[in-house]
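The values are calculated or read from the model by the stated rules, or taken from the named source; none is laboratory data. As the structure is a computational prediction, the values presented were derived from the model and not from experiment. Every residue, glycine among them, receives a Cβ derived from its backbone with ideal geometry; neighbour counts consider all protein chains shown. Please note that ligands, DNA and RNA were not included when accessible areas were found on the heavy atoms of the full protein model with its side chains. Shrake-Rupley method; radii C 1.70, N 1.55, O 1.52, S 1.80 Å.
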Amino acid sequence: MQRWRLGSLLCLAAVLVLAVPAALIGETIPLTVDATGTQQKLLRVHEVIPVKSGPLTLYYPKWIPGEHGPDGPIGSLTGLKFEAAGKTIPWQRDLLDVYTFHLQIPAGVNHLDTKFDFIEPEGNSATDKLMVLEWNAVVLYPAGTPAQQQSYEASLLLPDGWKFGTSLPIENQAGNRVSFKPISLDMLVDSPVIAGEYFRTIDITPAGEPIHHEINMAADSAAALNMSPENQKQMTNLVAESGKLFGVRHYRDYHFILALSDHVAHFGLEHHESNDSRLPERALLEPSSGMSLGGLLAHEFVHSWNGKFRRPADLTVPYYEEPMKTDLLWGYEGLTDYLGPLLAARSGLWTPEQYQDHLASIAASLGPGRPGRTWRPLLDTAIGEPGVSGRGWQNWRRGVDYYEEGDLFWLEVATIIHRESHGQKSIDDFCQSFHGGANRGAEVKTYTFDELVGALKLVVPFDWATFLNTRLNSTSADAPVGGIENGGWKVVFDGKPAKSEGRRGGPGDVYSIGFEVGHDGAVNDAIVGSPAYQAGISSGMKIIGVNGRVYNPELLEDAIKAAKDTTEPITLLVAVDEYINTFTINYHGGQRYPHLVRASEQPDYIDELIKPRIAVKESSPAKENK
Ligand SMILES: [Zn+2]
């Protein structure tokens with residue numbers, strides 16, 4: 001998740017202390033969301049909050065779990081009205097925190113009728129044919145009681161004929177009205193609903209697996225729901241492989257919620273018993289469908305164990321107004337980003353070659369593609385998450401590197417476990433120990449840095465604290481490729497593009513002349529120190545001409561290749577702030593694409609790590625649910 005907004009944290013602390021609860025703890029709050037106006041991008045909300053007389057403070061969720069920042073969509077809350085005993089109750093927003101509302105409840109009033117509308121932000125969660133409802137967008141809750149101790153009874157009105165899927169337990173369904181069983185606020189917020197006109201559910205529970213798993217898909221067209229039998233089998237394998245990796249599950253059943261649309265934001269958000277993943281409409285019809293499913297859904301699924309069940313104590317807060325500390329995101333997101341592709345490869349969603357190209361592209365982007373490493377340690381990318389953002393200049397800012405650097409860093413951990421245990425232990429032993437324990441449903445077990453170090457030591461004795469601190473605080477220009485090298489491989493650059501493009505695949509000009517350029521010529525990122533940067537080009541400019549001709553990507557590619565055999569510079573015509581400049585780049589190294597190649601003196605442990613742990617005959621074809 002990369003949406004956030006600056007919050008006033010110090011001021012908020014004062015708000016929390018001053019909040020006087022006039023809501024009655026223990027009574028269930030009925031919450032009705034009328035989504036019949038979804039196609040007009042409006043959700044209508046009605047809550048009946050039990051209250052007593054006196055001051056009342058209500059919160060709109062601010063720090064959303066999994067988003068790692070104070071980015072609850074408060075700007076879309078509109079039409080707010082409170083009524084009690086037939087009279088309007090006035091409200092005032094807190095002077096220091098826009099997510100907080102203050103009211104004075106008159107004597108003799110015991111229920112507060114609360115109504116508001118949520119404007120579906122355009123392009124985010126709803127189209128004419130589908131919607132994904134994250135409950136944090138449509139709930140106000142009384143201050144002073146942990147979310148786990150507040151009870152909600154939610155109902156949802158859907159457009160006629162729409163079907164839906166969710167991990168929320170259902171009380172009953174009549175016509176287009178769905179009533180859910182009473183549930184705690186934290187589980188309500190943790191259990192999104194997907195609904196749509198074009199809807200399909202596929203059972204992907206592996207043979208012999210006692211816990212039910214299904215995919216709930218809604219799309220902007222019927223055709224987009226055609227997940228291939230091969231992908232269905234690989235998704236079933238993913239569930240089976242997760243069972244082998246972790247040994248236990250921490251949920252009652254599991255729903256992969258998948259929205260397929262070009263008109264929703266594309267991201268994934270993890271939950272204990274489901275994940276909210278959103279891909280382009282035709283993602284399942286493309287040759288790269290396994291790559292998309294393995295890249296996004298496997299990551300979000302791993303979060304059920306790593307992030308939702310085992311969660312950094314700093315990121316665990318009692319309710320959504322309390323700020324989170326994000327310094328352990330390299331564990332929460334970094335380990336997940338390593339294990340997601342690992343499971344994608346073990347389940348067949350990714351080929352071994354795609355996995356190798358993925359590692360090569362990350363190693364390149366975090367090595368020669370990341371001069372920002374020299375000023376900003378990995379740890380700071382985690383700590384800075386809630387407030388530090390910005391467009392362009394990613395190579396110098398670093399942004400959310402705690403995700404992808406986690407792939408390399410935790411691969412190195414996996415190879416150290418293998419080496420130090422003389423092949424007796426693996427990363428699987430760590431996962432079974434760290435993420436293990438009885439299945440008590442959606443439970444949170446927090447950890448600190450020291451507890452993580454202790455858990456690693458339990459698997460194999462090693463100075464893990466020094467290792468982790470070195471990696472976290474390094475300002476070396478080089479990517480941490482120890483795991484790749486320990487695994488018997490190395491990163492090389494040559495003139496041939498990767499056959500299977502990883503998440504960071506793309507043109508060969510990033511590691512050659514040194515910028516990432518869009519199809520339209522926009523320079524998304526110019527690598528600080530690269531030949532293009534030295535010539536004067538930077539992020540935000542637009543290339544409009546190459547060697548005297550109007551720009552197109554092929555022309556630039558040809559120019560880079562041709563310059564290899566001459567001493568002539570490459571000349572680019574570049575627009576910036578309505579001015580046009582000419583830049584000459586003296587680069588003669590040809591195109592450079594990253595690859596992983598075997599270092600033959602070492603045994604191959606990387607392929608060993610991604611081999612399937614289940615016998616193929618154990619997996620069964622997926623079943624359609626009506
Ligand atoms: Zn994640």
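Here is how the number arises for the chain: DSSP H runs of 4 or more residues each give -39500 (n - 2.57), the sum is divided by the residue count, and the result at 222 nm is -7000 deg cm²/dmol.
Using a cutoff of 8 angstrom between alpha carbon atoms and counting only pairs six or more residues apart, the relative contact order for the range 417-463 works out to 52 percent. For the chain, averaging the sequence separation of C-alpha pairs within contact (under 8 Å, six or more residues apart) and dividing by the residue count gives a relative contact order of 12 percent. What the range 190-301 shows is 27 Å² of accessible area per residue, with the surface traced by a 1.4 Å probe over protein heavy atoms. Of ARG177, ARG346, ARG419, ARG391, the residue with the largest accessible area leads and the full order is ARG391, ARG419, ARG177, ARG346 (1.4 Å probe).
Placing +1 on each Lys and Arg Cβ and -1 on each Asp and Glu Cβ, with no other charges, gives the range 200-304 a dipole about its Cα centre of roughly 180 debye.
Remark: the range 380-439 carries 37 Å² of accessible area per residue (probe radius 1.4 Å; ligands, DNA and RNA excluded). Rounded to the nearest 5, what is the percent of antiparallel bridges among the DSSP beta bridges in the range 246-330? Antiparallel bridges make up about 30 percent of those DSSP assigns within the range 246-330.
If you average the C-alpha positions of the range 517-556 and of the range 230-299 separately, how far apart do those two centres end up, in angstrom? Computed from Cα coordinates, the inter-centre distance equals 36 Å. Overall, the chain carries a charge dipole of about 420 debye about its Cα centre when +1 sits on the Cβ of Lys and Arg and -1 on the Cβ of Asp and Glu, all other atoms neutral.
Holding the Cα-Cα limit at 18 Å, pick out from LYS115/LYS181; LYS41/LYS129; LYS325/LYS457; LYS244/LYS445; LYS244/LYS457; LYS129/LYS163 the pairs that are longer than that. From the list (LYS115/LYS181; LYS41/LYS129; LYS325/LYS457; LYS244/LYS445; LYS244/LYS457; LYS129/LYS163), the Cα-Cα distance tops 18 Å for LYS115/LYS181; LYS325/LYS457; LYS244/LYS445; LYS244/LYS457. Let a ≥ b ≥ c be the square roots of the eigenvalues of the Cα gyration tensor of the range 219-275; is it rounded (a/c under 1.5), or, if not, prolate (a/b larger than b/c) or oblate? Oblate, since a/c reaches 1.5 and b/c is not below a/b. Summing charges over all other residues whose Cβ lies under 9 Å from the Cβ of GLU241, with Lys and Arg as +1 and Asp and Glu as -1, gives +3. A 1.4 Å probe, protein heavy atoms only, puts the accessible area of SER151 near 30 Å².
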